[in-house]
Amino acid sequence: TLTMPFPFVASRTEISKAAFTSPTSRIMSNNIKNRLKELYEVDDYLWLEETIKLLQAKELESLDLENLIEELESLGRRDVNQARSLLRQIIIHLLLLQYWWEESERNDRHWRGKITAFRADLNDHLTTRLANKLEDDLETIYQTSLKIVLQKTGLSHDRFPQSCPYSLPELLAENSSP
């Protein structure tokens, strides 16, 4: 187990003192910031909780901005990757449904169920920014999906469209089916 090299849980009182004590406020703020940076290396969840407390108290000068920016960038990448993954799964299952005739009868309901679930998950989290990113990346996502389907099925590349036959609105539409 890790032991904390320092006791750190900034109470609202400690944060308030740091903000309103004149000459020492910068020292307190720097002390909190340094302790927060150390905390990030040991327990990122506790770091997040403390960062939220500082934000709620509007103690911006005490924030560990370097790690906060890193976490926000990571959150943005995670959202994009999750959306791309869900869209890739929709395309994979549409391709299986439309082009793997030999397995279609046996798997039709399963693949349609998967498409419905992936669409619902994607639509629940989709923002305008993510939709624009998916639109920009649609052909790349399709090519990755096609590669996966080819590996899974062993079918000839010639059976499938060479470029994405779907628009993003078609892929996202809950009632759209091939």
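The values are calculated or read from the model by the stated rules, or taken from the named source; none is laboratory data. Note that the structure is predicted; figures quoted are calculated from it, not measured. Cβ: placed from backbone, ideal geometry, glycine included. Neighbour counts: every protein chain shown. What goes into the accessible areas is simple: the full protein's heavy atoms, side chains included, and nothing from ligands, DNA or RNA. Shrake-Rupley method; radii C 1.70, N 1.55, O 1.52, S 1.80 Å.
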Residue-wise HN-Hα coupling along segment 60-74, computed from phi with Karplus coefficients 6.51, -1.76, 1.60 (Hz; x: Gly, Pro): 5, 6, 8, 5, 8, 4, 4, 6, 5, 4, 4, 5, 5, 4, 5
Taking 26 Å as the cut-off for C-alpha to C-alpha distance, list the pairs among Lys114/Lys147; Lys33/Lys133; Lys37/Lys133 that go past it. Lys33/Lys133; Lys37/Lys133
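Counting only protein chains, not ligands or nucleic acids, how are Lys58, Lys152, Lys37 ordered by accessible area (probe 1.4 Å), most first?
On the way: Lys58 155, Lys152 125, Lys37 75 Å².
If we order Lys58, Lys152, Lys37 from most to least accessible, we get Lys58, Lys152, Lys37.
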Relative contact order of segment 114-178, please, whole-number percent, based on alpha carbon pairs below 8 angstrom and at least 6 residues apart. 50
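What is the local net charge at Arg129, summed over the other residues whose Cβ is closer than 12 Å to its Cβ (Lys, Arg +1; Asp, Glu -1)? Numbers along the way, then the final one.
Working: positive: Lys133; negative: Asp79, Glu135, Asp136.
So the environment of Arg129 carries a net charge of -2.
Let me check against my output: what whole-number percent is the relative contact order of segment 20-163, with C-alpha pairs under 8 Å and at least 6 apart? Show your work: numbers first, answer last.
On the way: 89 pairs, mean separation 31.4, N = 144.
Once divided by the residue count of segment 20-163, the mean separation gives 22 percent.
What net charge do the residues around Ser85 carry, taking every other residue with its C-beta under 15 Å from that of Ser85, with Lys and Arg at +1 and Asp and Glu at -1? Please report the intermediate quantities before stating the final value.
Numbers: positive: Arg77, Arg78, Arg84, Arg88, Lys114, Arg119, Lys133, Lys147; negative: Asp79, Asp121, Asp124, Asp137.
So the environment of Ser85 carries a net charge of +4.
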Which value, in Å³ per residue, describes the convex hull spanned by the Cα atoms of segment 76-139? 73
